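Shown next, in structure tokens, is the structure this report addresses.
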Amino acid sequence: MHLRELLVPPAQTSVDVVRGRTARRALIIELAIVAVLTFGFSAIYATLSLIEAQLGPGISETTVAINPTRSTDDAIDFTRQVMSAIRLCAIAALGIYLLWRSGIRLSRAGLSRRPAAIDIPAGLVLAAVIGLPGIGLLALSRLLGINAQLIASPTDGPWWQLPVLVLIAIGNALAEEIIVVAYFITRLRQLGVDENSALAASAFLRGGYHLYQGVGAGLGNLLMGLIFGRYFQRTGRTWPLVIAHATIDVVAFVGYALLSEQLGFLR
């Protein structure tokens, strides 16, 4: 797929528009509930966190731990970290269940039972397209003072830290791509929202719940949302997005844990 094709929305959607007033109202209520339980409220909290930081010393003087230690006791910390990964997977499962329960074939939302062989290289290419420029954007944002100092993961954790970080990265990828892209855009299609508006809404939601990290992170994730959302709209595939997101997060989390001393330019 060429970049030009990604910039042009598809001529037809893959789901039927819901016409009945009661059914449409039910979809809107469902979207509101899912937003409250998942990333909609997260976007509001992130915005408030950014405002709070700016009212204080400024976002550039703020330190944000993305995967903080959750207890001084190793066993409790491990349990809470694994519970966090399970919760993220449950959020993804909720989106899948709601689509399936409403009669939508999951393949129409890009959710085949397992990734196809072509999804893996496509996901890795997307990871490179987003991840490599993202490092430069992060460094530039820190230089401009519009991002917090990010601590992606602890640097002196116990032996189980790295595999748990991988689990959390996979959970992040499943929850965000299935809810914010596959579920959200599919539901907006059912409500008759045009493709460009649905894409913008999905991308702004993604950027919004990253604002706690700073304006630079919000803009970077907005761009990521535009690329990922259009890819989904053009291909009808969700798994490449999950693979790309998981790859980016694994590299960020595990890489920071192992190489934090060499990443001083990001701080």
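Residue-by-condition table, conditions (1) of a type outside the set (Asp, Glu); (2) under 25 Å from Arg25 (Cα atoms):
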{"site": "Thr63", "(1), (2)": "yes, no"}
{"site": "Ile66", "(1), (2)": "yes, no"}
{"site": "Asp73", "(1), (2)": "no, no"}
{"site": "Val82", "(1), (2)": "yes, no"}
{"site": "Ala85", "(1), (2)": "yes, no"}
{"site": "Leu98", "(1), (2)": "yes, yes"}
{"site": "Arg105", "(1), (2)": "yes, yes"}
For this session: Scan region 52-82 for residues that are surrounded by 12 or more Cβ atoms within 10 Å (Cβ to Cβ) and part of a helix (DSSP H, G or I) and report the count.
Result: 12
For this session: Give the residues of region 86-124 that are in contact with a helix residue (DSSP H, G or I) (Cβ under 9 Å, 6 or more places away or on another chain), without any contact (Cβ under 8 Å) to a residue 60 or more places away in the chain, part of a helix (DSSP H, G or I) and of a type outside the set (Gly, Ala, Ser), sorted by residue number.
Result: Trp100, Leu106, Pro121
Problem set entry | Scan of region 220-238 for residues that are more than 12 Å from the chain's Cα centre (by Cα), closer than 12 Å to Ala122 by Cβ, in a helix (DSSP H, G or I) and not β-branched (Val, Ile, Thr), ordered by number | Tyr231, Phe232, Arg234
Exercise. If we scan region 245-257, do we find a residue that is over 22 Å from Arg87 (Cα atoms), at pLDDT 95 or above and surrounded by fewer than 22 Cβ atoms within 10 Å (Cβ to Cβ)?
Worked result: no
Problem set entry | Per-region count, region 213-242, residues farther than 13 Å from Val129 by Cβ and either in contact with a helix residue (DSSP H, G or I) (Cβ under 6 Å, 6 or more places away or on another chain) or among the basic types (Lys, Arg) (or both) | 14
Exercise. Do we find that Leu219 is under 25 Å from Met83 (Cβ atoms) and in contact (Cβ under 8 Å) with a residue 40 or more places away in the chain in this structure?
Worked result: no
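The values are calculated or read from the model by the stated rules, or taken from the named source; none is laboratory data. Because the structure is a prediction, the values reported are computed rather than measured. In this analysis, Cβ positions are derived from the backbone assuming ideal geometry, glycine residues included, and neighbour counts consider all displayed protein chains.
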